[in-house]
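The values are calculated or read from the model by the stated rules, or taken from the named source; none is laboratory data. Quick caveat, the model's predicted, so the values are computed rather than measured. Cβ coordinates were reconstructed from backbone atoms using ideal geometry, including for glycine residues, and neighbour counts include every protein chain displayed.
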Amino acid sequence: MRSPSHDWRHDPRLPAGLAVLLVGLVFALGHDAPLVEDGLFWWVPKGLLAAERGPALTYAGALPDVMAQGLTTASTPPQWADGLPDYAHPPLYYWWLGGALKLFGPTLLAVRLACLPLGIAAALGMVALAHRLGNAWAGVIPWALPPLLAQLLRPELDLALLAAIPWALLALVNRHWTVFAVLSALATASKEPGVLLVVPAVVVCVQDRQVRVAALTPLLTLGAWGLAHGGLASAERLPSSFQDWLMQDVPAALSLVFVHQWRWLLVVGIGALGLRLRRPVLLPVVALLVAWVLFFSAVGFRLQPHNPDPLTHVRYFGPALMCLAILGGLRWPWLALAGLLSVHARSPFGPEASLHGIHAARAEAAAAPWIHEQAQQGARVWVGAYQGAALGQPWAGQADPPLKGLLLYHPLASQDDLEIGDVVIVAAEGEPTGAFLRGVGLDGLRAWTAHDAVVSAHRVVSRPE
């Protein structure tokens, strides 16, 4: 008698292995990708501070010693002029990152080694959750969404949320309340939006017609942190009125999450579920998706596309995108693959929305040897504060040893400091050059490209009268 063949369609081991392989491949190919934006300016520096000072509730004030050694007044970006600010985020992620930096040293590789387990935990959690919802393959496809793929190479607090939230949702669906309490506390102690897990927890309580104290764990964790710290992080932007929120912010959030980068196909996938979307097992995931989008439509500052400030913080929507991908892929997982068409493309929502921000940093790193050569020959070289911060710190991944003697331009820089013959590096992302170079005559020298990210060098040949 023949034994029944194995049904790989319902076996989570293959999609789990593939998901981990994909995450490992991204880290292997991107291990030398330079740090960018908030990871560069705030989160890794706070990890360095944690490595130097040990466990603490707040990491702020003077820069870590390993950073301050290579900085002078002229080469200190304005973001670091007053040290590291207290953004009132809980410290769990800084402890984790600081432990890796303490163990492996203040290097880019140490940052990657700290993030790799979080990426693997997120990958396995998504597959486990999707398997419980009905199709394990739906847990692989979130990595076809450009913002989530990019997050693997951005050492920000949001990666810790992605690592904890799918497991917390799985615990809710399985009614493992103690596990949920632990995981939701870890999520909230990594970054405050983990508190939104209280929404699906309440939904489960309503489904079961039972009151569970564990459902309030995210709120209790956030409250405990607020008491210990002396206050919570304030919203960086709130709508000016209910009408503005309804007519501007909500449509922008809906477009970003449900339309941009072919994600409207996932909405089609959700529609294909039909009445099955009302299954009790799916409702907690739907609840978190809706709560996350509505919440960050209100506090997701600089959300509108084509905003002149490049930091639109698409990463804030990561857990919502994860829920969308899993729900939209339960019936037709292949729908999400269309997102890969946009994985390298510049997004109107900013560099966090795809790998474009990473490519911009790679283009800047490619220019570093030439910049070093020009500086060694005595040229006055101007770089943006973003690039200057990276070039001056070896752990940032752009230059080792760090480049010194560079001049920094930024919104407060004066055009009067420019001289004929100066070299100006125009970066692909970061500080704008519009006001600084308005009316200045330039002669193009060199350009460096990574995909569609371009860094260019110019010599000043004339100045406005």
So, first residue assigned to a helix (DSSP H, G or I) in the range 161-173, second residue of a type in the set (Phe, Trp, Tyr), Cβ within less than 8 Å, six or more apart or across chains; the pairs are ALA168/PHE180; ALA171/TRP177; ALA171/PHE180; LEU172/PHE180
The number of residues in the range 210-254 that are crowded, with 16+ Cβ neighbours inside 10 Å and more than 27 Å from ALA168 (Cα to Cα) is 5
Considering residues that are hydrophobic (A, V, I, L, M, F, W, C), surrounded by 14 or more Cβ atoms within 10 Å (Cβ to Cβ) and under 17 Å from PRO77 (Cα atoms), the number found within the range 412-465 is 6
Among the residues that make up the range 218-229, is at least one of them within 30 Å of GLY339 (Cα to Cα), outside any loop (DSSP other than H, G, I, E, B) and touching a residue at least 12 places away in the same chain (Cβ under 8 Å)?
no
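Could you check the range 367-453 for strands (runs of 3 or more DSSP E) lying wholly inside it with 2 or more residues that are assigned by TED's automatic domain parsing to the domain that holds LEU153? Give the derivation first.
On the way: elements: 381-384, 407-409, 423-426, 441-450.
Once the strands (runs of 3 or more DSSP E) in the range 367-453 are filtered for at least 2 residues that are assigned by TED's automatic domain parsing to the domain that holds LEU153, nothing remains.
Scanning for something at negative phi and touching a Leu at 6+ places or on another chain (Cβ under 6 Å), does the range 205-218 turn up at least one residue?
Step one: of the range 205-218, the residues at negative phi are 205-208, 210-218.
Add one more test, that the residue is touching a Leu at 6+ places or on another chain (Cβ under 6 Å), and what stays is 218.
For the range 205-218, residues at negative phi and touching a Leu at 6+ places or on another chain (Cβ under 6 Å): present.
Can you tell which of VAL286, VAL250 is closer than 13 Å to LEU327 by Cα and of a type in the set (Val, Ile, Thr)? Give the steps one after another, and end with the answer.
On the way: VAL250 fails: closer than 13 Å to LEU327 by Cα.
Every option except VAL286 fails the conditions.
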- Message: Considering only the range 22-30, I want to know if a residue exists there that is surrounded by 17 or more Cβ atoms within 10 Å (Cβ to Cβ), touching a Cys at 6+ places or on another chain (Cβ under 9 Å) and within 25 Å of SER354 (Cβ to Cβ).
- Response: yes
Checked ALA68, ALA81, ALA62 against criteria (of a type in the set (A, V, I, L, M, F, W, C) and within 17 Å of ALA396 (Cβ to Cβ)); the one match is ALA68
